[in-house]
Amino acid sequence: MRSLLYPICLLLLLTSLQANAQTVTKKLKQSLELQMQKTDEDDMAGTRGASVAWHPVLKKYYAAFAGNTAYPLAVFDEKGKRLNDEDLATMTDLRGLWYNTVTKQICGNGYDAFGWFTYQLDKNGIPTDVTDITDDMRQPNEQAVGTYNFTEKQVLFLGGSQVYKYNAKGIAVDSVVIHWGRKKADGPGEEEDPAFGHEDYNATSLIYTGIKGQELGFLNVAENQIELYDIKTGYLIKLLTLPETATAELSFNFAYANGTYWLFNMEERKWVGYK
């Protein structure tokens, strides 16, 4: 009997180890669209989507273009209906956009030395003004798109192959190196250099999911997939494959809000959500 049990147990052990070594994969499906105002022919229409934020109290999405203070900013209800008029603009040279769970406000970061800001909203949740939170550059590079870590109350930025963590005062307090496409069992790559990013991945944008052990997300443009990494180790944990119709870009056009992964379709000028 022992002679039979041993190979069976060994087989089960090897199967278990093999399963644990494989990265979990999930296929994403389109769930919602946020159609931005204006067309390519309109004045100050913008090209690249900066980010999407979700206000959990007002139940509204906020989406914006990157690149100019006069580019469109839009507000949508939870079903994707736009609530603002054609003239609503970002009012700042916006890059990142997030909901601050401490202040209960829609905040963001701007280009280079524009610093961080918060939007003042009217009774309908439409931004009417913008107020600076910090001045000077409080990010690793001029184009970095900030995202909010609501667990640690930090703002995160991607710079090269590192995720930089900033506290509420805009001071960098920590960082983690991202091991692109590598599991913990693989260890770091032989030619890794934290100062440089990876040519296959979106270089400006990252997302924070809040999922334990899968907190950080990055867009692999070459493989048309979103990859989730452990915020403590920087190693790959899960793959989220996108439909063939998804438009993945090497800069901007990538966000996460309300449990939804967002990609901006520049040709159709809309954010497409996937779950």
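Computed from the coordinates by the stated procedures, all read-outs in this text should not be read as laboratory data. A quick note: this is a predicted structure, and the numbers were derived from the prediction, not measured.
Table for the structure above
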| quantity | calculated |
| --- | --- |
| Length added when fully stretched, residue 31-residue 245, from 0.36 nm per residue minus Cα-Cα | 75.7 nm |
| Three-way shape call for segment 158-275 based on the alpha-carbon gyration tensor, with the a/c threshold at 1.5 | prolate |
| Cα gyration tensor category, rounded, prolate or oblate, for segment 220-259 with a/c compared to 1.5 | prolate |
| Whether segment 31-102 is rounded, prolate or oblate, judged on the alpha carbon gyration tensor where a/c under 1.5 counts as rounded | oblate |
| Helix-derived mean residue ellipticity, 222 nm - over the chain, DSSP H n ≥ 4, -39500 (n - 2.57), to 500 | -2500 deg cm²/dmol |
| Among 38, 60, 212: highest mean-square fluctuation, GNM of the chain, C-alpha pairs under 10 Å | 212 |
| Euclidean distance between Cα centres, segment 79-150 to segment 213-235, Å | 24 |
| Two-decimal Rg/Rh across segment 36-274, once Rg and the Kirkwood Rh are taken from alpha-carbon atoms | 0.95 |
| Crossing angle, helix 2-21 versus the chain [Cα axis fit, 0-90 degrees, rounded to tens] | 20 |
